[in-house]
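Down below is the structure, laid out as structure tokens.
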Amino acid sequence: MKRFEIVPNFSEGRRPEVLEALYRSYSDAHGVVLLDHEADPDHNRCVLTAVGSAEDLIEATIAACKVALREIDLNHHQGEHPRIGALDVLPFLPLDGATMEDAVAAAHQLGERLWRELQVPVYYYEEASLGARKLLPAIRKGNYEGLREIVRDDPSRRPDVGGPELHPTFGASVIGARRPLVAFNVYLRTLDLEIAKRVAKAVRESSGGLRNVRALAIDTSAQGAVQVSMNLVDVEATPIHRAYEFVEREAAHYGIAVSHAEIVGLVPLSAMLAVAERSLRLQGFDASQVLEVRLMQEAEKS
């Protein structure tokens, strides 16, 4: 059986009863394993990680979207993270013999069902893109409030499936297929969001920063710090420690120290081993020296 990982991002991070209903849509679904879920009240957003067959993951997502359709109204949603939909974004990542082409097919199948069954229009991104529109930030530009007006006059911004207008309460979903990325946030010891914006601009690839890094500043002043939120699209090209050191160095130019950092969702073991190797200045270190890795390798032989 071909399996996939999905990482659905829902625009809800504050109401426990709604979050629990979203989580149950996956944890109670046949053939689906819910590996992780995190909610952030400042972002007003939750991020889940689930694995299963394409068919089972799609069924679970349709169930979750029925909850979102009932409980989330983007017209009354407030949060620091960009979004255009109640299910804002969901990528398929191929696992266990599945190919990227399989992931693209699964993304398109989900997109068609969202429109056909729930009247939720869909944009496709990354490998599932149908044309020039590929990057998530470009699709999401303007947020829900801006995009719902833009699509009325600009055909180039209309959804790939459904529409031409957004759903009046749900908005639209961005469904895609991609390789793993790491969601990595660094908090700065300041309440000055402008400094975080300057640091985010410096680190992001599109502004001349690090390769395969997307970044924005988030107002998390309620936590006594502001956040530089990053997606590390290729942690082999730009590992976690390099992104951290860049942000730390750039913030120091403004006399600001790093408070702490966090990883949202799951992260590849190889990425964390690279951080350990760098931090401890290990020489000749190999992943097989990790006890759990060696046990897994032996289990695969038997």
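Too long at a 25 Å Cα-Cα cut-off: which of Lys2/Lys141; Lys141/Lys201; Lys141/Lys197; Lys66/Lys201?
The pairs that break the limit, which is 25 Å between Cα atoms, are Lys2/Lys141; Lys66/Lys201.
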**Study point:** For His43, distant residues with modelled amide H under 5 Å away
**Key:** Glu80
Study note, to complete from the structure: Which of Ser221, Ser129, Ser207 fluctuates most in a GNM of the chain (C-alpha springs under 10 Å)? That residue is Ser207
Practice item. Name the most mobile residue of Leu166, Leu269, Leu34, meaning the one with the largest mean-square fluctuation, in a Gaussian network model of the chain with Cα contacts below 10 Å. Key: Leu269
Point to revise | Note, ³J(HN,Hα) from phi for region 254-266, Karplus 6.51, -1.76, 1.60, rounded to Hz, x at Gly and Pro | key: 9, x, 10, 9, 7, 7, 6, 9, 8, 10, 9, x, 8
Review point. Between Gly85 and residues 5 or more places away or on another chain, which pairs have amide H atoms under 5 Å apart, with H built 1.01 Å from N, and which residues are they?
Key: Ala172
Review point. With a sphere of radius 14 Å drawn around the Cβ of Pro121, what net charge do the other residues whose Cβ falls strictly inside it have (Lys, Arg +1; Asp, Glu -1)?
Key: +3
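Compute the signed sum of charges (Lys and Arg +1, Asp and Glu -1) over the other residues within less than 14 Å, Cβ to Cβ, of Leu57. Let's see the in-between values first.
Details: positive: Lys2, Arg3, Arg113; negative: Glu5, Asp28, Glu55, Asp56, Glu59, Asp96, Asp102.
Counting the neighbours of Leu57, the net charge comes to -4.
As a test of the formula, what do you get for the chain when each DSSP H run with n ≥ 4 contributes -39,500 (n - 2.57) and the sum is divided by the residue count, at 222 nm and rounded to the nearest 500 deg cm²/dmol?
Values: 9 runs with 112 residues, N = 302.
When only DSSP H runs of four or more count, the value is -11500 deg cm²/dmol.
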Check your understanding: Residues in region 84-110 near a label at Ala138, defined as backbone nitrogen under 16 Å from the 7 Å Cα→Cβ point?
Key -> none
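Express in nm, to one decimal, how much length is gained between Ser279 and Glu262 on full extension, taking 0.36 nm for each residue of separation and deducting their alpha carbon distance.
Details: separation 17, 0.36 × 17 = 6.12 nm, distance 1.64 nm.
Additional length available on full extension: 4.5 nm.
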**Study point:** Relative contact order of region 1-151, pairs being alpha-carbon contacts under 8 Å that are 6 or more residues apart, as %
**Key:** 26
Check your understanding: Between Gln297 and Ala222, what is the label-to-label distance in nm when each label sits 7 Å out along the Cα-to-Cβ direction?
Key -> 4.6
**Study point:** Listed residues Val290, Val264, Val51, most fluctuating in the chain (Gaussian network, C-alpha, under 10 Å)
**Key:** Val290
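Normalising by the residue count of region 182-267, find the relative contact order in percent from Cα pairs under 8 Å and 6+ residues apart.
Working: 175 pairs, mean separation 36.2, N = 86.
RCO, region 182-267: 42 percent.
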Study note, to complete from the structure: The answer for the net charge of residues other than Val32 whose Cβ lies under 9 angstrom from its Cβ, with Lys and Arg +1 and Asp and Glu -1, is -3
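Could you calculate the contour length gain from Asp234 to Asp73, that is, 0.36 nm times the residue separation minus the distance between their Cα atoms, to one decimal place in nm? Could you put the intermediate results ahead of the total?
On the way: separation 161, 0.36 × 161 = 57.96 nm, distance 3.36 nm.
Taking 0.36 nm per residue and subtracting the Cα distance, the gain is 54.6 nm.
Taking the Cα centre of region 3-177 as origin and charging only Cβ (+1 Lys, Arg; -1 Asp, Glu), how large is the dipole, in debye to the nearest 20? Intermediate results must be reported in sequence, preceding the final value.
Working: 18 positive and 29 negative charges, 104 e Å.
Computed about the Cα centre, the dipole is about 500 debye.
Dipole of the chain, Cα-centred, from +1 at each Lys and Arg C-beta and -1 at each Asp and Glu C-beta, to the nearest 20 debye?
700
Take every Cα pair under 8 Å in the chain that's 6+ residues apart, average their separations, divide by the length, and report that relative contact order as a whole percent. Mind dumping the intermediate values first?
Numbers: 619 pairs, mean separation 46.5, N = 302.
Relative contact order here is 15 percent.
So for the chain, what are the equivalent ellipsoid semi-axes in whole Å, largest first, each being the square root of 5 times an eigenvalue of the Cα gyration tensor? Spell out each step's value before the answer.
Details: eigenvalues 184, 138, 64 Å².
Computed over the chain, the values are 30, 26, 18 Å.
Every number here is computed from the coordinates shown, using simple stated rules; none is lab data. Note that the structure is a prediction, hence the values are computed from the model and not measured. Methodologically, a virtual Cβ is constructed for each residue, glycine included, from the backbone with ideal geometry; neighbour enumeration extends over all protein chains shown.
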